[in-house]
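Structure record follows, encoded as structure tokens.
The values are calculated or read from the model by the stated rules, or taken from the named source; none is laboratory data. Here the structure is a predicted model, which means the values were calculated and not measured. Cβ sites come from the backbone with ideal geometry, for glycine too, and all protein chains shown count toward neighbours.
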Amino acid sequence: MLAAKIIGFAHSYERATKIERKNLDDNKIVRSVCEHIKVIEMAKKKYTHEDEQLARFAKALGHPARIAILKFLASQECCFFGDINEVLPIAKATVSQHLTELKNAELIKGTILPPKVKYCINPENWALAKKLISDFMCECKPKDNCDCS
């Protein structure tokens, strides 16, 4: 039933936009319309820039190894990859992946000094993450009378 409605909508859409229907079966039309609907739905769900940044920081903080890396970096002015790798009980490749996540979130900075890479906390984004997380935690207080048991 839903597929028939989508196909009907697709045919109306084609006529309205004068799109030729060459070599398209109904399944392709349904998939195409569903993709358009997803795009429209995504456009309706707008998040603030701050919400997107907060989510990016939260994702970067979402693993204990990354927390350990950040604690270690915060205790240093800067350090090299080898220093971090010596402190954490995980493989070099795994340390590298966690550093990449932290760099993508822009919580840390890396400078290439061949043959080594030097890392440090990104102070601007560190302050921003601290503010966004603090604001979020203060803003979203649970109700006192919440009983989910």
How many residues of the range 59-93 are charged (D, E, K, R), surrounded by 14 or more Cβ atoms within 10 Å (Cβ to Cβ) and either without any contact (Cβ under 8 Å) to a residue 24 or more places away in the chain or part of a loop (DSSP other than H, G, I, E, B) (or both)? The answer is 1
Which condition from (1) at pLDDT below 95; (2) in contact with a helix residue (DSSP H, G or I) (Cβ under 7 Å, 6 or more places away or on another chain); (3) part of a helix (DSSP H, G or I) is the one that LEU102 breaks?
(1)
Scan the range 128-140 and tell me whether some residue there is acidic (Asp, Glu), out of contact with any strand residue (DSSP E or B) (no Cβ under 7 Å at 6 or more places or on another chain), surrounded by fewer than 13 Cβ atoms within 10 Å (Cβ to Cβ) and assigned to a helix (DSSP H, G or I).
yes
On the phi > 0 side of the Ramachandran plot and at pLDDT 90 or above: is that true of GLU50 in this structure?
no
